[in-house]
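> Next up is a structure, given as structure tokens.
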Amino acid sequence: MLQSVSLKIKTKLTYGIGLLFAMIVLLGGLSVQNIYRMSADTQNILADNYNTLLYSRRMLDALERIKTDPVARTEFEKNLNLQKENITEVDENVATTHLVTQYESMKKDMNDVSIQRVRMALNEVMSLNMASIYRKSQVAEHTAHEALLWICILGIICILIAFAFLIRLPRSINTPIRKLTDGIMEIANHNYEKRLDLGKYEEFAAVANSFNRMAERLTEYRKSTLADIIQGKKYIEAIVNSITEPIIGLDGNRKILFANDVALTILNLKRENVIGKSAAELALKNDLLRRLVRELVQPDEKKEPLKIYADNKESYFKVQYIPIHLTDGQKDVSQYVGDVILLKNITEFKELDSAKTTFISTISHELKTPISAIMMSLKLLEDQRVGDMNNEQRALAESIKESSDRLLEITGELLKMTQVETGKLQLNPKITKPIELIDYAIKANRVQAERFGCHIEVEYPEKISKLFVDSEKIAWVLTNLLSNAIHYTPENGRIIIGARQEGKVVEIFVRDFGKGIDPRYHQSIFDRYFRVPGTKVQGSGLGLAISKDFVEAHGGTIRVESEIGKGSTFIVSFNV
């Protein structure tokens with residue numbers, strides 16, 4: 001079908017271009033013919049009459065010298081004979097015969113009168129040829145005018161025909177193509193009701209029929225697809241409503257697309273007042289939605305669980321914001337289209353965590369009594385008034401003391417952890433010099449450092465700002481960091497503890513030169529009960545977690561900089 005249309009368009013173009021070619025050939029042929037005619041007329045003037053005038057001029061020159069120059073007679077007779085052979089005009093033969101007669105008379109009696117008669121005969125021949133030249137020139141000029149006229153007429157006809165083709169031919173081809181293009185654009189704009197009527201363009205009728213059949217099928221497909229979309233929408237709504245966790249969907253303009261029944265319940269809103277409405281506008285009158293929108297627009301790294309009172313009970317939810325992107329077939333190109341807010345109910349886990357905290361707190365308090373009794377008994381055993389111990393008994397007592405100290409340390413850490421978890425951590429901040437905190441940590445670890453043979457160096461600037469912190473809590477943090485550094489430092493190694501200030505930030509650091517920490521664990525070491533795999537140092541795994549909680553409670557940060565084989569540096573930062 002398309003091939004047939006192409007051939008008919010090609011035929012139109014062939015006819016049009018062929019006609020233009022024929023007109024160009026005709027115009028060129030006419031021009032060549034007329035130029036040839038003018039050339040022939042000009043040739044006649046030059047070839048015949050010019051020779052006669054040339055012979056006559058030579059005879060006149062010879063006639064002037066005929067009395068004195070014998071050669072002149074020979075020259076005259078030579079040109080006279082040439083003239084006899086160049087008779088071209090009607091009366092030229094008579095004039096030439098008269099010239100011969102006068103020349104013969106002059107030869108018999110050469111005087112001025114006879115010479116004058118010959119001269120007059122020559123002038124008659126020359127006048128005859130001059131008149132002929134003028135007449136032929138008029139004919140050539142007429143021929144030129146006639147040729148120009150015909151060329152102009154034929155040229156105008158060719159121009160008119162070419163102009164008609166220029167107007168008609170492109171229009172006859174462009175009009176159906178433009179209609180077809182407009183129809184395709186309508187289809188592209190989802191106007192499937194568009195139909196083409198190209199009946200008067202025979203070669204495009206098949207294309208129009210195919211286009212109309214395509215549009216009809218697209219209309220049918222759209223109707224069936226719309227039904228599928230509606231069915232799919234209902235299916236998705238059913239899935240969303242069947243989810244037991246609150247879920248809210250927003251488009252790119254923060255308008256609510258969907259919200260399941262659980263979400264509407266905790267928001268205390270009705271579906272008809274929510275769907276299609278701006279979340280920002282609804283948030284003005286809804287505290288929970290206001291917090292959700294605020295955290296969506298300005299995400300906070302540390303999100304506390306939501307505490308919501310609904311259905312006559314308290315529930316805790318962890319909020320998860322999921323951005324939605326659509327891809328157009330290219331792996332690296334996607335378009336943001338909205339967000340999904342998912343509230344995960346963690347009430348059960350919160351209750352378990354609370355029970356765990358209560359249990360740990362109770363156990364820690366209960367353990368303190370027997371530990372204190374053990375410590376008191378050890379004190380009594382060490383008192384010589386009770387009696388002397390032998391070396392084996394003294395070693396056993398020392399072992400019991402170390403274990404008791406360790407138990408006391410663990411229970412202390414557990415109590416601090418429960419204080420943080422329950423929100424009962426109380427800070428008593430006061431203005432403190434960083435060097436005071438450093439000195440406290442060094443004194444608390446002096447015995448341990450001497451036992452491991454560690455040398456502690458202090459780096460402290462002359463001028464540094466004071467801190468407004470709970471000195472007891474931060475001193476405990478530095479003591480824990482320094483104790484860890486001692487445990488991970490080789491025997492007779494060195495440790496650097498110090499402080500520095502950059503702008504309005506004061507940093508206190510503890511640096512050891514041990515085996516270092518794998519970068520994979522730089523974040524995990526601050527988690528509770530986490531221990532770096534492969535470590536041989538005993539511990540509860542709570543010290544760094546509690547240190548992080550203490551520091552962050554002051555608005556500060558704690559981080560580690562470490563590489564395998566190059567030691568570790570723990571840095572505590574505070575704003576001043």
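> Which is out of contact with any His (no Cβ under 6 Å at 6 or more places or on another chain), at pLDDT below 85 and either of a type in the set (Asp, Glu) or exposed (fewer than 15 other Cβ atoms within 10 Å of the Cβ) (or both), of PRO533, PRO519? Even if it seems obvious, please write down each step before you answer.
Numbers: PRO519 fails: at pLDDT below 85.
Matching residue, one of PRO533, PRO519: PRO533.
> Next question, about the same structure. Filter segment 129-179 for residues that are of a type in the set (Val, Ile, Thr), over 13 Å from LEU27 (Cβ atoms) and under 57 Å from the mean Cα position of the chain (by Cα) and give the result.
Applying the first criterion (of a type in the set (Val, Ile, Thr)) to segment 129-179 yields 133, 139, 143, 151, 153, 156-157, 159, 161, 167, 173, 175, 177.
If we keep only those that are over 13 Å from LEU27 (Cβ atoms) too, we end up with 133, 139, 143, 167, 173, 175, 177.
Once the filter is applied, which keeps residues that are of a type in the set (Val, Ile, Thr), over 13 Å from LEU27 (Cβ atoms) and under 57 Å from the mean Cα position of the chain (by Cα), segment 129-179 yields ILE167, ILE173, THR175, ILE177.
> Check every one of the strands (runs of 3 or more DSSP E) wholly within segment 472-576 and list those with 3 or more residues that are of a type outside the set (D, E, K, R) and free of Cβ contacts under 8 Å to residues at least 60 places away in the same chain. So that I can check it myself, show each step before the final result.
Values: elements: 494-502, 505-512, 557-562, 568-575.
Counting at least 3 such residues, we get 494-502, 557-562.
> Quickly run through segment 543-561 and pick out the residues that are polar (S, T, N, Q) and modelled with pLDDT under 90.
Within segment 543-561, the first condition is being polar (S, T, N, Q), and the residues that meet it are 547, 557.
Passing the criteria: only SER547.
> Also, quick follow-up: Would you mind finding the one in GLY498, GLY555, GLY565 that is surrounded by fewer than 20 Cβ atoms within 10 Å (Cβ to Cβ), small (Gly, Ala, Ser) and closer than 23 Å to ILE442 by Cβ? Reasoning before the result, please.
Working: GLY555 fails: closer than 23 Å to ILE442 by Cβ; GLY565 fails: closer than 23 Å to ILE442 by Cβ.
Checking each option against the conditions leaves just GLY498.
> Moving to a separate point now. Would you confirm whether any residue within segment 112-130 is more than 19 Å from PHE21 (Cβ to Cβ) and surrounded by fewer than 12 Cβ atoms within 10 Å (Cβ to Cβ)?
yes
> Then there is this: Criterion first (in contact with an Asp or Glu (Cβ under 9 Å, 6 or more places away or on another chain), surrounded by 13 or more Cβ atoms within 10 Å (Cβ to Cβ) and more than 24 Å from MET130 (Cβ to Cβ)) does ALA95 satisfy it? Full working, then the answer.
Values: in contact with an Asp or Glu (Cβ under 9 Å, 6 or more places away or on another chain): yes; surrounded by 13 or more Cβ atoms within 10 Å (Cβ to Cβ): yes; more than 24 Å from MET130 (Cβ to Cβ): no.
In short, no.
> I would also like to ask the following. Within the set of pairs 6+ apart or on separate chains, which have a first residue in segment 270-298 that is outside the structural domain of GLY252 (by the TED database) and of a type in the set (Ser, Thr, Tyr), a second that is assigned to a loop (DSSP other than H, G, I, E, B) and surrounded by 14 or more Cβ atoms within 10 Å (Cβ to Cβ), and C-beta atoms under 8 Å apart?
Pairs found: none.
> On the given criteria, is ARG37 part of a helix (DSSP H, G or I), under 30 Å from MET130 (Cα atoms), at pLDDT below 75 and charged (D, E, K, R)? I'd like the intermediate steps shown before the answer.
Numbers: part of a helix (DSSP H, G or I): yes; under 30 Å from MET130 (Cα atoms): yes; at pLDDT below 75: yes; charged (D, E, K, R): yes.
It is true that ARG37 is part of a helix (DSSP H, G or I), under 30 Å from MET130 (Cα atoms), at pLDDT below 75 and charged (D, E, K, R).
> Enumerate the pairs (first residue in segment 53-64 and within 13 Å of ILE87 (Cα to Cα); second residue anywhere and surrounded by fewer than 16 Cβ atoms within 10 Å (Cβ to Cβ)) with beta-carbon separation below 7 Å, excluding pairs fewer than 6 apart on the same chain, so at least 6 apart or on different chains.
TYR55/LEU82
> ALA72: hydrophobic (A, V, I, L, M, F, W, C), crowded, with 17+ Cβ neighbours inside 10 Å and either under 30 Å from ARG168 (Cα atoms) or at pLDDT 75 or above (or both), yes or no? Talk me through it step by step, then tell me what you get.
Numbers: hydrophobic (A, V, I, L, M, F, W, C): yes; crowded, with 17+ Cβ neighbours inside 10 Å: yes; either under 30 Å from ARG168 (Cα atoms) or at pLDDT 75 or above (or both): yes.
When the stated conditions are applied, ALA72 passes them.
> Oh, and also: Determine if segment 222-234 includes at least one residue that is surrounded by 14 or more Cβ atoms within 10 Å (Cβ to Cβ) and of a type in the set (Asp, Glu). Reasoning before the result, please.
Going through segment 222-234, the residues surrounded by 14 or more Cβ atoms within 10 Å (Cβ to Cβ) turn out to be none.
Within segment 222-234 (the criterion being surrounded by 14 or more Cβ atoms within 10 Å (Cβ to Cβ) and of a type in the set (Asp, Glu)), the answer is no, since none of the residues qualifies.
Yes/no matrix, rows are residues, columns are (1) in a helix (DSSP H, G or I); (2) modelled with pLDDT under 80; (3) more than 30 Å from LEU196 (Cα to Cα); (4) acidic (Asp, Glu):
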residue: MET130; (1), (2), (3), (4): yes, no, yes, no
residue: VAL139; (1), (2), (3), (4): yes, yes, yes, no
residue: THR143; (1), (2), (3), (4): yes, yes, yes, no
residue: LEU149; (1), (2), (3), (4): yes, no, yes, no
residue: CYS152; (1), (2), (3), (4): yes, no, yes, no
residue: GLY155; (1), (2), (3), (4): yes, yes, yes, no
residue: ALA162; (1), (2), (3), (4): yes, yes, yes, no
residue: PHE165; (1), (2), (3), (4): yes, yes, no, no
residue: PRO170; (1), (2), (3), (4): yes, yes, no, no
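The values are calculated or read from the model by the stated rules, or taken from the named source; none is laboratory data. As the structure is a prediction and not an experimental result, all values here were calculated from the model. Virtual Cβ from ideal backbone geometry, glycine too; neighbours counted across all protein chains shown.
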